[in-house]
Amino acid sequence: MPQAIRYNLGFPDKYDQPSKRAYIACQEFGHTLGLRHSSNRGSCMFPNDVTAAEVLTSDEIGMLNTNYDIPQ
């Protein structure tokens, strides 16, 4: 099923810093590629921006490599 990324502009003060926008972009791209929320606070897939991580973990990258058959 096709996925779309749409920014909700209804909360401009909450995501007014580049690092917070990068966190949201990383998480939404992760969802688009099939990743779910993570319990790892070091991942942008963590469902709360307390840490505002801007990257996927190596485990998540491995999952994407496996899911999309990307050669190592």
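Among residues other than residue 61 whose Cβ falls under 15 Å from its Cβ, what is the net charge (Lys/Arg +1, Asp/Glu -1)?
Around residue 61, the charge tally is -3.
Once the other residues with Cβ under 13 Å from the Cβ of residue 35 are scored (Lys, Arg +1; Asp, Glu -1), what is the net sum?
Local charge sum for residue 35: -2.
Can you quote the Å³ per residue value for the convex hull of the Cα atoms in region 18-67, rounded to an integer?
60
Read-outs: derived from the displayed coordinates by stated rules, not from any lab. Please read all numbers here as calculations on a predicted model, not as lab measurements. Counting neighbours? That spans all protein chains shown, and the Cβs are built from the backbone with ideal geometry, glycine included.
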